[in-house]
Every structure is written in structure tokens, then in C-alpha cells.
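The structure appears below as C-alpha cells.
The values are calculated or read from the model by the stated rules, or taken from the named source; none is laboratory data. All figures in this text were calculated on a predicted structure; none of them were measured in a lab. A quick note on method: Cβ atoms are made from the backbone with ideal geometry, for glycine too, and the neighbour counts reach across all protein chains shown.
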Amino acid sequence: MRLSFPVYRRMLFIYGAVVVAVALVLALGVIGPVKVEASLGATPQRAVHAFWVNIGVNLLAAATFILIAIRSKGRSWISTSVHIILGLVVLFLGLALADAASAYKSHGPSMQTAVILLFICAAADFLTGAMVVTTAFLQPKRA
């Protein structure tokens, strides 16, 4: 079974939108509480830098999804391996966010909103990455 081109393009736009939403939630809802985290042994500046890297890679992946969707008018021009690599990158970004959420889980009530947002973002990245890898095998054939 192969996807039709309109469905394929729509899915890529959705993947891009989800990954942009994750980046926005991280920038607006997580970085603020992490900056003011004052628990013993916390290094908020290092964590903030790591979140900015995650945001940057998320935005780069989103731009790639959207570029592929825009450029694939009536034919598939991207290889399966590019989809798989992008999917794995997004999947690993989700795993990194889940690790950060687990680390902040024990930091008290001031971090609970950030922890919940991190778990939601991790799930969104993880599911998007898995769907991208699945889409790699269902993308329309080249013309």
C-alpha cells in the first residue's frame, strides 16, 4: 500500500506543525522555569543551552518536512533513507526530552508544570518520529 501524493504532502505538513509546536512549547513554557531552578546541584544555564539545541534541531526538522512537502508536487523526489534519518532524529529528540522530564520530576512543585510540558513534548516528538519512519515506507513511488 502506498500513500497518495495529497495525503503524503498533508502528513508532512502535519509533522512540521507538530515539531514547530514542540519547539514553541519548549521555548515558552519550559525554558523560563528551568532558568530559575534553584535546587541543590542544578546547573540551569547548561540545561537551557541543551533545550535551545533541542529547539533548533526541532525547527530544522520542521523546515525539512515543510520543504519536502512543498517540493513534492506530483512526484516523490526524496529517498526513503532521508525520511528514516529525519524520523530517527525527531525520535531521539523526544527521548532527550523524556530524560529531562524524568530528571526534573524530583525537583519540587515549582518544576511540575515544566515536567508535564516536557513529557507532552517528548510524546509528541516520539510519536512524530515513529510516524515519519512509517511514512518513509508508504511514500508514493517516484514518477
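I'd like to check something: does segment 123-130 contain any residue that is under 30 Å from Arg2 (Cα atoms), of a type outside the set (D, E, K, R) and outside any helix (DSSP H, G or I)? No, there is no match, as no residue in segment 123-130 is under 30 Å from Arg2 (Cα atoms), of a type outside the set (D, E, K, R) and outside any helix (DSSP H, G or I). Scan segment 61-114 residue by residue and report those that are part of a loop (DSSP other than H, G, I, E, B) and farther than 21 Å from Val34 by Cα. Of everything in segment 61-114, those that are part of a loop (DSSP other than H, G, I, E, B) and farther than 21 Å from Val34 by Cα turn out to be Ser72, Lys73, Gly74, Arg75, Ser76, Trp77, Ile78, Ser79.
When residues of segment 22-43 are filtered for being surrounded by 15 or more Cβ atoms within 10 Å (Cβ to Cβ) and either closer than 25 Å to Phe126 by Cβ or among the β-branched types (Val, Ile, Thr) (or both), how many remain? Residues flagged as surrounded by 15 or more Cβ atoms within 10 Å (Cβ to Cβ) and either closer than 25 Å to Phe126 by Cβ or among the β-branched types (Val, Ile, Thr) (or both) within segment 22-43 amount to 11.
Residue by residue, here is whether (1) under 23 Å from Leu28 (Cβ atoms); (2) hydroxyl-bearing (Ser, Thr, Tyr); (3) modelled with pLDDT of 95 or more holds:
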position	(1), (2), (3)
Ile68	no, no, no
Ser106	no, yes, no
Ser110	yes, yes, no
Ala124	yes, no, yes
Thr128	yes, yes, yes
Pro140	no, no, no
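Take the conditions within 18 Å of the chain's Cα centre (by Cα) and surrounded by 15 or more Cβ atoms within 10 Å (Cβ to Cβ) and apply them to Leu60. Does it pass? Walk me through how you get there before you give the answer.
On the way: within 18 Å of the chain's Cα centre (by Cα): yes; surrounded by 15 or more Cβ atoms within 10 Å (Cβ to Cβ): no.
In short, no.
Quickly run through segment 103-125 and pick out the residues that are surrounded by fewer than 17 Cβ atoms within 10 Å (Cβ to Cβ) and within 16 Å of Ala50 (Cβ to Cβ). The one that is surrounded by fewer than 17 Cβ atoms within 10 Å (Cβ to Cβ) and within 16 Å of Ala50 (Cβ to Cβ): Ala103.
Residue selection: Ala100 satisfies the criterion of being surrounded by 13 or more Cβ atoms within 10 Å (Cβ to Cβ), within 16 Å of the chain's Cα centre (by Cα) and modelled with pLDDT under 95.
The set of residues in segment 1-21 being β-branched (Val, Ile, Thr) and either at pLDDT below 95 or surrounded by fewer than 15 Cβ atoms within 10 Å (Cβ to Cβ) (or both) consists of Val7, Ile14.
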